[in-house]
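I have placed the structure first, in the form of structure tokens, so that the comments after it can refer back to it.
Read-outs throughout are calculated quantities, based only on the coordinates presented, and are distinct from any laboratory measurement. Treat the numbers as computed from the prediction; the structure is a model and nothing was measured. In this analysis, Cβ positions are derived from the backbone assuming ideal geometry, glycine residues included, and neighbour counts consider all displayed protein chains.
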Amino acid sequence: MAKPLKFIDETFRDAQQSIIATRMRTEDMEPIASEIDKIGFYAAEVAGGASFDVAIRYLNEDPWQRIRILRKLMPNTPLQMHFRGQNLLGYRNYPDDVVSAFVHHASDQGINVFRIFDALNDERNLAVPLKTIKECGKHAQLQLQYSLTESRLGGPVYTLDYFVAKARVFEEMGADSVCIADTCGLPTPYDSYKLIKALKKALKIPIDLHTHYDSGMASMACLKAIEAGVDIIDTASAPFALRSSFPAAETMAIALKGTPRDTGLDIPRLVKIGKYLETVALKYRKFMNTDQMSAVDTEAFVNQVPGGMITNLLAQLKELNAADRIAEVCAEIPRVRAELGYPPLATPVSQIVAAQAVQNVLIGRYKVVLRQVKDYALGLYGKPPAPIEPKIMKMLFQQGGKKETPITCRPADLLEPEMDKAREAIKDITQDIGDVLIYALYPKIGMDFLRRKYGLEAPREK
């Protein structure tokens, strides 16, 4: 029986984030949005990840306005937002009142599908976002971070049983679909087949595979996942595909044409969209990583560091006049990760691990322990997938003399409400709920943006 494969289009969000550091402006999306709307995508991801941060920090754009514009131009395609569970779009846990208000407002602006994840796969950090999404009557896709301890599925943590058990928990919580999400091309084709086959047997809800191209495996992994019965895959328009992004929608749709998994998508229109986006991509070429010839990261299975993370690390090391130490830092990252209980390298934990690795290389191993690393060890981000090495745990807290005890509760249970404080802080500028949420997520850069938005400061030049 025919079972058409569904595509989620990542061009306007994660693909451009992976290729050009999220710098695409709304004005470059508008001319092609109505064409994308005619393709027949299962959903189009248009917000989330770094998109809010970059919009107000660098583009001087209102990220809520982008959603409203695209909703008007794409009335037939469900719009998707991706956010980090209790972290939302920031780098810390936010209290429940902020999380609830954020989801309600995003729903009101036109978001139909919410893809949410926790960097540690700690389902407690997804409970309140999920509850709110269901209250709004929207689709809740719970994302399971794919990670490994070695180059293939298995080992002490990330086994087939681990992923199936977590996915079952997500389904029992009320997820409408489950996304297996990989940030740097870790699923090999046969591991992908094995995992999807097991999940299809265990779950009743649809399964989506989201895998990046860093290692060069993504198309092969997707094809084997399709053979195993995956319901949805994430793709991008060709100019923003491959490298550290996703399989190209054009290629995957053509590969499946005439098969039982034929997508039925409008391939000539996909090509037309790609031609337009090729002209757009050229405007943002300076944001691409041009430090190496190879389009494949051959060390992806060694250090499991996403391509975008390496780009950010290199920029940080250049500021410290230590760009020549990048190889040492990349070698230190998996060592720190193992010592900290093998967390998936997803935001914000990936930044925490990387920052500590930089300190270890430049100053000496754990001679300086970052506050965020201590908070991670205390459980303030959630429960690590595996225990932290005892000697590292002791080392983390031997500095400063203050004895601290790891928590056992949901981290957000310790947080006081913040929405009223956010309203008070910007009451003389605006009381628009979208603006209040921007400030609540990013107090410093949010305030700067709002002052520019309302004419209290001169706008930045584009």
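Considering the alpha-carbon set of segment 261-324 alone, what are its Rg and its Dmax in angstrom?
Rg and Dmax of segment 261-324, Cα atoms, are 17.2, 52 Å.
Taking the dipole about the Cα centre of the chain, with the C-beta of Lys and Arg at +1 and of Asp and Glu at -1, give me whichever of Gln65, Thr188, Ala228 is farthest to the positive side.
Most positive-ward Cα: Thr188.
With a cut-off of at most 14 other beta carbons within 10 Å, and DSSP calling the residue loop, which GluC sites (Glu not before Pro) in segment 113-164 qualify? Please list them.
On the way: sites: Glu123, Glu135, Glu150; in loops: Glu150.
Sparse-neighbourhood loop GluC sites (Glu not before Pro): Glu150.
So what's the chain giving for Cα Rg divided by 2.2 N^0.38 Å, two decimals? Display every interim value, and only then the final one.
Values: Rg = 21.4 Å, N = 462, 2.2 N^0.38 = 22.6 Å.
The reported ratio for this selection is 0.94.
List the residues of segment 2-28 whose backbone N lies under 17 Å from a point placed 7 Å from the Cα of Arg285 along the Cα-to-Cβ direction.
Once the point is set 7 Å along Cα→Cβ of Arg285, 19-21, 24 turn out to lie under 17 Å by backbone N, inside segment 2-28.
Could you work out the helix-only [θ] at 222 nm for the chain, with each DSSP H run of four or more residues adding -39,500 (n - 2.57) and the total divided by the number of residues, to the nearest 500 deg cm²/dmol? Write down the numbers at each step before the final one.
Details: 20 runs with 205 residues, N = 462.
Taking each H run of at least 4 residues, the total per residue is -13000 deg cm²/dmol.
Could you tell me which chymotrypsin sites (Phe, Trp or Tyr not before Pro) in segment 261-291 are loop residues by DSSP with no more than 10 other beta carbons within 10 angstrom of their beta carbon?
On the way: sites: Tyr276, Tyr284, Phe287; in loops: Tyr284.
Loop-located and lightly packed - none at all.
Can you list the lysines whose alpha carbon is less than 24 Å from that of Lys403, not counting same-chain residues fewer than 8 positions off?
By straight Cα distance, Lys403 reaches Lys367, Lys374, Lys383, Lys391, Lys394.
How much FRET efficiency would the formula 1/(1 + (r/R0)^6) give for Lys391 and His104, where r is the Cβ-Cβ distance and R0 is 56 Å, rounded to 0.05? It would help to have the intermediate numbers written out before the result.
Values: r = 46 Å, r/R0 = 0.81.
With a Förster radius of 56 Å, E is 0.80.
Let a ≥ b ≥ c be the square roots of the eigenvalues of the Cα gyration tensor of segment 300-413; is it rounded (a/c under 1.5), or, if not, prolate (a/b larger than b/c) or oblate?
On the way: a/c = 1.99, a/b = 1.50, b/c = 1.32.
Prolate is the answer for segment 300-413, as a/c is 1.5 or above and a/b outweighs b/c.
Return the aspartates and glutamates within reach of Lys38: Cα separation strictly under 16 angstrom, same-chain partners fewer than 8 residues apart disregarded; answer none if there are no such residues.
Asp9, Glu10, Glu30, Glu250, Asp266
Given the Cα-Cα distance of Ala338 and Glu319 and 0.36 nm per residue of separation, how much length would full extension add, in nm?
Numbers: separation 19, 0.36 × 19 = 6.84 nm, distance 2.74 nm.
Here the segment from Ala338 to Glu319 would lengthen by 4.1 nm.
Using the beta-carbon distance between Ser294 and Asn76 and R0 = 35 Å, what value does 1/(1 + (r/R0)^6) give for FRET efficiency, to the nearest 0.05? The partial results should precede the final answer.
On the way: r = 39 Å, r/R0 = 1.12.
According to the calculation, E is roughly 0.35.
Sort Met288, Met252 so that the residue with the fewest other Cβ atoms within 10 Å of its own Cβ comes first and the one with the most comes last.
On the way: Met288 14, Met252 23.
The order, fewest Cβ neighbours first, is Met288, Met252.
Assuming R0 = 35 Å, what is the FRET efficiency of Asp37 and Lys131, from their Cβ-Cβ distance, to the nearest 0.05? Present the calculation step by step, with values, prior to reporting the outcome.
Working: r = 30 Å, r/R0 = 0.87.
Plugging the Cβ-Cβ distance into 1/(1 + (r/R0)^6) gives 0.70.
Say each of Arg168 and Val302 gets a label point 7 Å from the Cα, pointing the same way as Cα to Cβ; how far apart are those two points in nm?
Between Arg168 and Val302, the label points sit 3.8 nm apart.
In straight Cα distance, which lysines are under 16 Å from Lys197, not counting same-chain residues fewer than 8 positions off?
Correct list for Lys197: Lys3, Lys166, Lys224.
List the trypsin sites (Lys or Arg not before Pro) in segment 181-212 that DSSP assigns to loop (not H, G, I, E or B) and whose Cβ has at most 16 other Cβ atoms within 10 Å. Which are they?
Details: sites: Lys194, Lys197, Lys200, Lys201, Lys204; in loops: Lys204.
Qualifying residues, ordered by number: Lys204.
As I understand it, the dipole of the chain uses +1 on the Cβ of Lys and Arg and -1 on the Cβ of Asp and Glu, about the Cα centre. Which of Thr430, Ala248, Gly264 lies farthest toward its positive end?
Ala248
Mind putting a number on the dipole of the chain about its Cα centre? Charges go on the C-beta only, +1 for Lys and Arg and -1 for Asp and Glu, and I need it in Debye to the nearest 20.
On the way: 59 positive and 57 negative charges, 70 e Å.
It works out to roughly 340 debye.
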